[in-house]
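Chemist: Take this structure, written in structure tokens, and hold onto it; I'll ask about it next.
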Amino acid sequence: MTPHHGPGPRADSGFRVAVEYLRSAALATLPGVAVGTDDLHELVRALGEREEVLDIAAGVLQARPVDALRNWLEHDDSSGIHALDDFCLGEFDAAPEQERAAWRLLAVFPARFSPEQAEYVLEAAGIGNADDLLRSLVANGILERIGLGVGFGLRVRPLYRRPAIRSLRGDDRASRDARHGIRGWWLATARSFGSTWFGAEELLLFAALDRELATLESLVKTSSGEDADELLEILARLWPLWTARGRSQQAREWIGRILASSANIDDENSFAALWAIAWLSLHLFDIGMARQAVAHASEIPGADPARLALLQQSIALETMEDPHHARILLDDALAAPVLPVGQPAEEFLRLAYLAQLAHIAMDDGAARDYCERAIALCDSQGELWFKSSILWTFAISLWRSGDRDRGYVVACEGAVEAARVEDWRSCALCLEVVAWYEAWRGDPTTAVRMLGSIDAVRTSTGVDAIFWGMQDFHDEVVAELERRLGAPAYWREFHRGRREPIGHYVHVINRDEPNAGDTASQARLLATLTDRQSEVAGLVARGKANKEIALALHVSISTVETHISHIFEKLNCGSRAQVAVVVAAGNARR
């Protein structure tokens with residue numbers, strides 16, 4: 001096929017616009033990288049100035065190094081662009097119109113999306129037969145499958161993408177329809193998610209939704225403000241997802257961005273958004289922001305007093321240090337009417353509140369009683385997420401009352417439960433007690449390394465792992481360990497521990513610890529990974545999020561997702577926590 005020939009490097013406005021357009025596309029995913037002007041001039045001369053062709057070229061630029069342009073133009077990829085140009089314009093007879101229309105809609109997403117999201121997008125544009133179209137696009141190489149099994153996703157292959165700098169921000173019909181469809185999917189998902197009680201089914205849903213966040217991020221970052229109410233409803237309704245998956249900071253930034261982009265948000269969504277900001281801020285231990293959000297939320301007409309009271313109670317607990325004040329609040333709470341039967345989530349929150357008040361009031365007997373009742377309620381209902389937090393409170397109360405052996409057992413259980421649901425903050429809180437026990441029973445090296453690993457989690461999550469009366473115990477243990485090992489050895493082992501994934505210590509304390517044969521088997525599994533996959537697996541084991549891994553390795557988030565999908569397959573893992581255990585076992589074998 002004969003290439004299109006555009007103008008030479010003259011001062012033509014269309015030519016300059018085309019060059020700058022491609023420059024912007026390259027910098028969209030390669031910030032700070034020098035983009036050669038000569039290379040871009042050559043590219044535009046070869047392609048011409050037609051918008052459809054430039055869209056495709058910009059998509060390719062986001063998947064390939066800029067300094068490879070000359071080589072790229074001299075080989076098959078350049079003819080591939082022109083073939084795709086024909087495909088888009090309807091000159092390629094083998095492509096039905098519906099297939100071309102489906103491609104235009106889906107090509108605005110540079111990242112992974114689910115088949116269900118794709119169906120919503122196509123339906124929003126009035127295109128039927130979504131299943132057949134998606135299968136055809138995969139068969140023709142336009143889409144590729146990401147992952148295996150029920151949770152697989154789809155992604156437009158790099159050559160066939162439109163550039164992210166237009167994508168959902170565009171005013172063309174395809175962009176508007178795509179945005180409307182993907183927003184509809186998220187809205188339907190959020191509205192169906194009304195649970196405050198998190199068993200295995202809900203946690204599987206958390207993991208599935210976490211894989212689809214790239215499309216929601218695209219909606220937030222390209223919002224013009226007209227869809228602010230719907231986006232805020234989505235973000236506010238999914239508050240459990242953000243806290244359970246360690247995305248509180250990200251979600252809070254998204255909500256703040258939407259609130260700042262529009263002045264016409266209805267009262268209901270404004271209240272829900274501020275409530276979510278307060279809750280997420282509490283999870284991040286940002287008490288000042290939580291208080292500000294509660295104050296603003298209380299000024300909104302129709303503010304829900306019960307939900308505000310829950311936040312105010314939680315803020316008071318996070319900042320309370322006076323045992324006498326806690327005792328007064330505990331007596332007031334016990335005098336309040338008991339909730340009717342049939343509300344297990346609300347009853348758990350009440351018991352957890354009483355346990356925490358009793359803990360602060362130094363009433364360890366009452367704290368243990370409330371913890372045991374809350375744990376029994378979790379077990380009877382199959383709740384997994386809240387359970388690890390109450391196990392931590394239980395372990396601290398046992399330790400403080402002198403029952404260190406039982407406190408250790410409960411802390412171990414809490415760490416394992418938290419790792420199962422990938423709640424690394426609660427896992428770190430429980431492991432703090434385990435580290436004290438290791439120091440107390442005479443294993444100072446393990447205790448110091450464990451404290452180092454906990455500190456790494458604290459740094460990566462941005463939240464402390466020591467509060468509510470833990471500081472004195474922590475300082476006492478650190479002083480004793482420094483005395484026994486000497487300061488140089490203490491800090492050497494501490495920094496060694498910071499480099500070890502917290503999942504390693506979950507593996508050590510888990511009563512189902514693999515035997516030597518299993519450890520050898522896991523080491524062999526690790527050996528099947530490529531060097532890059534090994535790097536990614538190590539970062540996953542250290543509790544790093546996909547965005548953090550992408551920044552550390554200088555790759556795109558979608559590349560990280562692909563690596564993780566392959567890691568799960570090779571290691572026979574179904575979660576990041578399981579990857580951490582396998583990595584820890586393999587490292588122990590070396």
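The values are calculated or read from the model by the stated rules, or taken from the named source; none is laboratory data. Worth saying up front: this structure is predicted, and the values here are computed from it rather than measured. Note that we place each Cβ from the backbone using ideal geometry, even for glycine, and neighbour counts take in every protein chain shown. Ligands, DNA and RNA are excluded from the accessible area calculation, which covers all protein heavy atoms including side chains. Shrake-Rupley method; radii C 1.70, N 1.55, O 1.52, S 1.80 Å.
Chemist: Can you tell me how many residues within the stretch 101-120 are over 14 Å from GLU212 (Cα atoms) and open to solvent by less than 10 Å² (accessible area, probe 1.4 Å)?
Modeler: Count: 5.
Chemist: Ok, one more. Being modelled with pLDDT of 80 or more and either in contact with a strand residue (DSSP E or B) (Cβ under 8 Å, 6 or more places away or on another chain) or closer than 20 Å to LEU106 by Cα (or both): is that true of ARG169 here? Explain how you work it out, then say what you get.
Modeler: Values: modelled with pLDDT of 80 or more: no; either in contact with a strand residue (DSSP E or B) (Cβ under 8 Å, 6 or more places away or on another chain) or closer than 20 Å to LEU106 by Cα (or both): yes.
Criteria not met by ARG169.
Chemist: If you take the residues of the stretch 450-466 that are at pLDDT below 80 and of a type in the set (S, T, N, Q), which of them is surrounded by the most Cβ atoms within 10 Å (Cβ to Cβ)?
Modeler: So, considering only residues that are at pLDDT below 80 and of a type in the set (S, T, N, Q), the one surrounded by the most Cβ atoms within 10 Å (Cβ to Cβ) is THR461.
Chemist: Look at the stretch 315-335 and say how many of its residues are within 33 Å of the chain's Cα centre (by Cα) and open to solvent by 30 Å² or more (accessible area, probe 1.4 Å). Working first, answer last.
Modeler: Of all residues in the stretch 315-335, those within 33 Å of the chain's Cα centre (by Cα) come to 315-321.
In the following step, the residues that additionally are open to solvent by 30 Å² or more (accessible area, probe 1.4 Å) were identified as 316, 318-319, 321.
The number of residues fulfilling the criteria is 4.
Conditions (1) open to solvent by 10 Å² or more (accessible area, probe 1.4 Å); (2) over 19 Å from VAL448 (Cα atoms); (3) in a loop (DSSP other than H, G, I, E, B), marked per residue:
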{"position": "ILE390", "(1), (2), (3)": "no, yes, no"}
{"position": "SER397", "(1), (2), (3)": "no, yes, no"}
{"position": "TYR408", "(1), (2), (3)": "yes, no, no"}
{"position": "GLU413", "(1), (2), (3)": "yes, yes, no"}
{"position": "GLU422", "(1), (2), (3)": "yes, yes, yes"}
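Residue by residue, here is whether (1) part of a helix (DSSP H, G or I); (2) out of contact with any helix residue (DSSP H, G or I) (no Cβ under 7 Å at 6 or more places or on another chain); (3) under 20 Å from ILE234 (Cα atoms); (4) at pLDDT below 90 holds:
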residue: ILE255; (1), (2), (3), (4): yes, no, yes, no
residue: ALA260; (1), (2), (3), (4): yes, yes, yes, yes
residue: ILE265; (1), (2), (3), (4): no, no, yes, yes
residue: TRP275; (1), (2), (3), (4): yes, no, yes, no
residue: TRP279; (1), (2), (3), (4): yes, no, yes, yes
residue: HIS325; (1), (2), (3), (4): yes, yes, no, yes
residue: GLY342; (1), (2), (3), (4): no, yes, no, yes
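Chemist: Does the stretch 243-253 contain any residue that is surrounded by fewer than 19 Cβ atoms within 10 Å (Cβ to Cβ), within 12 Å of the chain's Cα centre (by Cα) and part of a helix (DSSP H, G or I)?
Modeler: Yes.
Chemist: I'm told GLY302 meets every condition in (1) under 28 Å from ARG406 (Cα atoms); (2) in contact (Cβ under 8 Å) with a residue 24 or more places away in the chain; (3) not basic (Lys, Arg) except one. Can you identify the failing condition by its number?
Modeler: Result: GLY302 passes all but (1).
Chemist: Can I ask one more? Taking the criterion of being within 22 Å of ILE375 (Cα to Cα) and either open to solvent by less than 40 Å² (accessible area, probe 1.4 Å) or not β-branched (Val, Ile, Thr) (or both), would at least one residue in the stretch 436-444 satisfy it?
Modeler: Looking only at the stretch 436-444, we keep the residues that are within 22 Å of ILE375 (Cα to Cα), and these are none.
No: the stretch 436-444 contains no residue that is within 22 Å of ILE375 (Cα to Cα) and either open to solvent by less than 40 Å² (accessible area, probe 1.4 Å) or not β-branched (Val, Ile, Thr) (or both).
Chemist: Another one. GLY128 fails exactly one of the following numbered conditions: (1) modelled with pLDDT of 75 or more; (2) in a helix (DSSP H, G or I); (3) more than 28 Å from the chain's Cα centre (by Cα). What is the number of that condition?
Modeler: Of the numbered conditions (1) modelled with pLDDT of 75 or more; (2) in a helix (DSSP H, G or I); (3) more than 28 Å from the chain's Cα centre (by Cα), the odd one out for GLY128 is (2).
Chemist: For the stretch 257-311, how many residues are open to solvent by less than 30 Å² (accessible area, probe 1.4 Å), within 21 Å of the chain's Cα centre (by Cα) and not aliphatic (A, V, I, L, M)?
Modeler: 2
Chemist: Residues in the stretch 101-129 that are within 13 Å of PHE152 (Cα to Cα) and not acidic (Asp, Glu): how many? Break it down into steps so the answer makes sense when it comes.
Modeler: Let us first name the residues in the stretch 101-129 that are within 13 Å of PHE152 (Cα to Cα), namely 112-118.
Narrowing the set further to residues that are not acidic (Asp, Glu) leaves 112-115, 117-118.
Qualifying residue count for the region: 6.
Chemist: Continuing with this model, one more query. Return only the number of the condition from (1) in a helix (DSSP H, G or I); (2) modelled with pLDDT of 85 or more that ALA303 does not satisfy.
Modeler: That leaves (1) as the condition not met.
Chemist: Restricting to the stretch 132-166, and then to whatever is surrounded by fewer than 20 Cβ atoms within 10 Å (Cβ to Cβ) and among the basic types (Lys, Arg), can you tell me which residue is modelled with the lowest pLDDT?
Modeler: Only one residue fits best here, namely ARG157.
Chemist: A further question on this structure: Can you pull out the residues in the stretch 374-389 that are charged (D, E, K, R) and closer than 15 Å to ALA355 by Cα? Spell out the reasoning first.
Modeler: Within the stretch 374-389, the first condition is being charged (D, E, K, R), and the residues that meet it are 379, 383, 387.
Matches in the stretch 374-389: LYS387 only.
Chemist: With the requirement that a residue be out of contact with any Leu (no Cβ under 8 Å at 6 or more places or on another chain) and modelled with pLDDT under 75, what does the stretch 547-579 give you?
Modeler: Answer for the stretch 547-579, where residues must be out of contact with any Leu (no Cβ under 8 Å at 6 or more places or on another chain) and modelled with pLDDT under 75: CYS573, GLY574, SER575, ARG576, ALA577.
Chemist: Here is a further query. Hey, can you tell me all the residues within the stretch 467-517 that are open to solvent by 80 Å² or more (accessible area, probe 1.4 Å), modelled with pLDDT under 85 and either outside any helix (DSSP H, G or I) or touching a helix residue (DSSP H, G or I) at 6+ places or on another chain (Cβ under 7 Å) (or both)?
Modeler: ARG511, ASP512, GLU513, ASN515, listed by residue number.
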